[in-house]
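The values are calculated or read from the model by the stated rules, or taken from the named source; none is laboratory data. All of these numbers come straight from a predicted model, not from anything done at the bench. We place every Cβ from the backbone using ideal geometry, glycine too, and count neighbours over all the protein chains shown. Heavy atoms of the whole protein, side chains included, go into the accessibility calculation; ligands, DNA and RNA do not. Shrake-Rupley method; radii C 1.70, N 1.55, O 1.52, S 1.80 Å.
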Amino acid sequence: MNTNFYEQVYEIVRLIPKGRVTSYGAIAKSLGAAKSSRMVGHAMSYAGTAHPVVPAHRVVNSSGLLTGKFHFSPPELMEELLAKEGVKVKDDKVLNFRQIFWNPMEEITE
DNA sequence: GCATTGACAATGG
DNA sequence: CCCATTGCCAATG
């Protein structure tokens with residue numbers, strides 16, 4: 001595939017530490033495509049059928065909302081995984097989102 | 001190749 | 001804080 005963009009997205013998502021979450025825009029920015037935040041979401045769709053396990057449940061929208069939880073095998077899986085990681089989810093949104101927010105740029109530092 | 005849709009983001013009211 | 005609009009880019013029909 002070598003669809004660089006998607007590969008980059010998967011790479012970053014895989015780098016997300018346990019108990020942390022990030023937003024599509026942050027990932028897009030890290031890749032230098034802040035305008036293509038939607039592409040990150042598309043990449044996530046492929047994540048389930050592409051690479052070995054991409055913790056897409058750690059990726060949420062800019063509001064910390066679990067927008068794509070419905071895309072998981074069981075929609076509840078997203079909250080389950082997040083809960084296991086120590087992330088509290090309420091009303092399909094991450095609590096203390098700003099505190100557990102993980103900035104990909106800090107790990108990329110190109 | 002055009003039109004529609006989409007795991008989004010940012011801005012304005 | 002919630003709703004409406006715009007931009008952006010790729011996938012799909």
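A:Tyr10 meets all of the listed conditions (1) within 13 Å of DNA strand C (Cβ to nearest atom); (2) touching a residue at least 40 places away in the same chain (Cβ under 8 Å); (3) crowded, with 21+ Cβ neighbours inside 10 Å but one, namely (1).
The one condition from (1) open to solvent by less than 50 Å² (accessible area, probe 1.4 Å); (2) within 21 Å of A:Lys88 (Cα to Cα); (3) not charged (D, E, K, R) that A:Leu15 does not meet is (1). Filtered by the rule that a residue be under 19 Å from A:Arg14 (Cβ atoms), charged (D, E, K, R) and assigned to a helix (DSSP H, G or I), region A:81-110 gives A:Lys84, A:Glu85, A:Glu106, A:Glu107. For region A:35-77, the candidate set comprises residues that are in a helix (DSSP H, G or I) and more than 7 Å from DNA strand B (Cβ to nearest atom); within that set, the residue that is most open to solvent (accessible area, probe 1.4 Å) is A:Lys35. If the condition is being within 15 Å of DNA strand B (Cβ to nearest atom) and either open to solvent by 100 Å² or more (accessible area, probe 1.4 Å) or in contact (Cβ under 8 Å) with a residue 40 or more places away in the chain (or both), then region A:78-90 contributes A:Glu80, A:Leu82, A:Glu85, A:Val87. For region A:18-34, filtering for residues that are closer than 23 Å to A:Arg98 by Cβ, open to solvent by 20 Å² or more (accessible area, probe 1.4 Å) and more than 6 Å from DNA strand B (Cβ to nearest atom) leaves 5.
Matching residues to (1) of a type in the set (Val, Ile, Thr); (2) touching a helix residue (DSSP H, G or I) at 6+ places or on another chain (Cβ under 7 Å); (3) touching a residue at least 60 places away in the same chain (Cβ under 8 Å):
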position	(1), (2), (3)
A:Ser36	no, yes, no
A:His42	no, no, no
A:Val59	yes, yes, no
A:Gly68	no, yes, no
A:Phe72	no, yes, no
